[in-house]
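J.: Quick one: structure below, then a few questions.
The values are calculated or read from the model by the stated rules, or taken from the named source; none is laboratory data. All values reported here derive from a predicted model rather than from experimental measurement. Don't worry about glycine lacking a Cβ; one is built from the backbone with ideal geometry, like all the others, and counts go over all protein chains shown.
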Amino acid sequence: MANTGSPCNAQPTLPIISDDKAHGQPLWLLAELTYKCPLQCPYCSNPLDFSDFGGELTTQQWLDVFQQGRDLGAVQLGFSGGEPLVRQDLIQLIGGAHEMGYYTNLITSGVGLNEHKMAEFQQAGLDHIQVSFQASDESVNNMLSGSKKAFEQKLKMAKEVKAQGYPMVLNFVTHRHNIDRIDRIIELCVELDADYVELATCQYYGWAYENVEQLLPTRAQLERAERITNEYRAKLAAEGNPIKLIFVTPDYYEERPKGCMNGWGQVFLTVTPDGKALPCHSARMLPIEFPNVTEMSLQAIWDTSPGFNHFRGNTWMKEPCRSCDEKEKDFGGCHCQAFMLTGDMYNADPVCAKSEHHHLIEEARERAEAVVNNPDEFTFRNERNSKVFAKG
Ligand code: SF4
Ligand code: SF4
């Protein structure tokens, strides 16, 4: 299944479409309904200054956006956030999207969910619920999420997802504080009878980038986790267990970047709580003026807005990407990563070994070898800390 690019730090896996200035249709619409969330994960990919953004779109505005997305050809709709359950109109949004013909996916921490709501959502047409965990150990999970009850609640809701007949999709963001327990994470997923498990190594955007020192695993941790995952895959397959374990390595241990959203403005469209339309859920950080759905139709945003056309095609590329024979594979990598690490979004993603800035990635890997795990050093994602970032 496609990964959804949720604030719970996943990255999308979508079909590749690329050509100079040509663009496909937005197959995937990610509706970030709110930046509010009862949890405070230090790896959240929401913007650091989320507390500074304007009011949320109304129910009717969201329904208009969904219809416009459907008219453009979008088929999958993810409800994300923050925590989408915070929105009191979620059931109306699910029902509206279902009637429009979307395949709908609720991306949630499970906090705020109960059996009754889950059944109502199903009646309204919700197709899929993805529950995210912070860890397989109650104490680590609760430390990272900032809630003493989160783990128990997640377990309960994960069981209920299965009991109500939804596909069971679990998401674990892994990092140096939980990756050594990958065996226990997988066992927990087996106990919960999961269908799909995303073992998504943290990607460093938003709050995760702020906390990269305390999150980035060592190479040895990562290799061990991948080996154990492969052993479980073989063992579970031999037992006839159809569970799918999806292991995502962090960019920081690659020598080539991933293609940015499988092509900027090609198949993916995010709308933020206050209506900004983005070609990628991290792109808000870039020095680009992105359009707002309250001011422009989704069709105009997708086809003609400068924001969505900014990195379409190859003409924006500098060396080494411009003359690189791999540019149709990765489109120069992630512009947000280039911007965060080098200050210039037109640079090649420093993850690439051909980049003159690749040493920044190598230095981060070296620092990971020396770091001592210390949760006191986390900057947690919460309103108070966000206000500090917003003030600058
Ligand atoms: S704080 Fe955690 S649960 Fe809340 S949106 Fe961010 S990653 Fe998801
Ligand atoms: S030089 Fe640019 S296009 Fe070539 S592999 Fe590296 S990031 Fe991709």
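J.: Could you check D274 against (1) in contact with a strand residue (DSSP E or B) (Cβ under 8 Å, 6 or more places away or on another chain); (2) in a loop (DSSP other than H, G, I, E, B); (3) under 30 Å from A368 (Cα atoms) and say which number it fails?
T.: If we test D274 against (1) in contact with a strand residue (DSSP E or B) (Cβ under 8 Å, 6 or more places away or on another chain); (2) in a loop (DSSP other than H, G, I, E, B); (3) under 30 Å from A368 (Cα atoms), just (3) comes out false.
J.: Looking only at the range 302-347, how many residues end up being part of a loop (DSSP other than H, G, I, E, B) and in contact with a helix residue (DSSP H, G or I) (Cβ under 8 Å, 6 or more places away or on another chain)?
T.: Number satisfying all stated conditions: 12.
J.: Ok, one more. Considering every residue within the range 77-85, establish whether at least one is part of a helix (DSSP H, G or I) and at pLDDT 95 or above.
T.: yes
J.: Could you tell me whether any residue of the range 32-43 is among the charged types (D, E, K, R), within 16 Å of ligand 2 (Cβ to nearest atom), under 21 Å from Q299 (Cα atoms) and not in a helix (DSSP H, G or I)?
T.: no
Per-residue answers, yes or no, for (1) within 18 Å of A194 (Cβ to Cβ); (2) of a type in the set (S, T, N, Q):
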site: L113; (1), (2): yes, no
site: M118; (1), (2): yes, no
site: F121; (1), (2): no, no
site: I129; (1), (2): yes, no
site: N142; (1), (2): no, yes
site: S145; (1), (2): no, yes
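J.: Shifting gears a bit: Would you say Q299 is touching a residue at least 60 places away in the same chain (Cβ under 8 Å), over 26 Å from P217 (Cβ atoms) and either within 21 Å of the chain's Cα centre (by Cα) or assigned to a helix (DSSP H, G or I) (or both)?
T.: yes
J.: If you don't mind, another one. Among the residues in the range 162-181, are any over 30 Å from M261 (Cα atoms), among the polar types (S, T, N, Q) and under 21 Å from the mean Cα position of the chain (by Cα)?
T.: no
J.: Still on this structure: Keeping to the range 233-282, report how many residues are of a type in the set (K, R) and either closer than 30 Å to M340 by Cβ or surrounded by 24 or more Cβ atoms within 10 Å (Cβ to Cβ) (or both).
T.: Looking only at that region, the number is 3.
J.: For the subset of the range 192-251 comprising residues that are among the charged types (D, E, K, R) and under 19 Å from L360 (Cα atoms), which member is farthest from the chain's Cα centre (by Cα)?
T.: R219
J.: So E160 fits all but one of (1) surrounded by 24 or more Cβ atoms within 10 Å (Cβ to Cβ); (2) farther than 25 Å from F389 by Cβ; what number is the exception?
T.: Result: E160 passes all but (1).
J.: Run T379 past the list (1) surrounded by 17 or more Cβ atoms within 10 Å (Cβ to Cβ); (2) within 16 Å of ligand 1 (Cβ to nearest atom) and report the number of the one that doesn't hold.
T.: Going through the list (1) surrounded by 17 or more Cβ atoms within 10 Å (Cβ to Cβ); (2) within 16 Å of ligand 1 (Cβ to nearest atom), T379 breaks only (1).
J.: Shifting gears a bit: What number of residues in the range 283-292 are surrounded by fewer than 24 Cβ atoms within 10 Å (Cβ to Cβ) and under 19 Å from A31 (Cα atoms)? I'd like the intermediate steps shown before the answer.
T.: Initially, the range 283-292 is screened for residues surrounded by fewer than 24 Cβ atoms within 10 Å (Cβ to Cβ), giving 284-292.
Filter again for under 19 Å from A31 (Cα atoms), leaving 284-285, 290-292.
The number of residues fulfilling the criteria is 5.
J.: Ok, one more. Which one is nearest to I91 (Cα to Cα), of the residues in the range 105-145 that are part of a helix (DSSP H, G or I) and either within 16 Å of the chain's Cα centre (by Cα) or among the aliphatic types (A, V, I, L, M) (or both)?
T.: Only one residue fits best here, namely A124.
J.: So, in the range 183-204, of the ones that are of a type in the set (V, I, T) and assigned to a helix (DSSP H, G or I), which residue ends up surrounded by the fewest Cβ atoms within 10 Å (Cβ to Cβ)?
T.: That would be V190.
J.: So F380 clears everything in (1) closer than 22 Å to D251 by Cβ; (2) in a loop (DSSP other than H, G, I, E, B) except one condition, right? Which one?
T.: Unmet condition: (1).
J.: Additional query: Looking only at the range 33-66, how many residues end up being within 17 Å of G392 (Cα to Cα) and surrounded by fewer than 24 Cβ atoms within 10 Å (Cβ to Cβ)?
T.: 6
J.: With the condition kept exactly as written, say whether any residue in the range 205-222 is hydrophobic (A, V, I, L, M, F, W, C), part of a helix (DSSP H, G or I) and without any contact (Cβ under 8 Å) to a residue 40 or more places away in the chain.
T.: Yes; the residues of the range 205-222 include at least one that is hydrophobic (A, V, I, L, M, F, W, C), part of a helix (DSSP H, G or I) and without any contact (Cβ under 8 Å) to a residue 40 or more places away in the chain.
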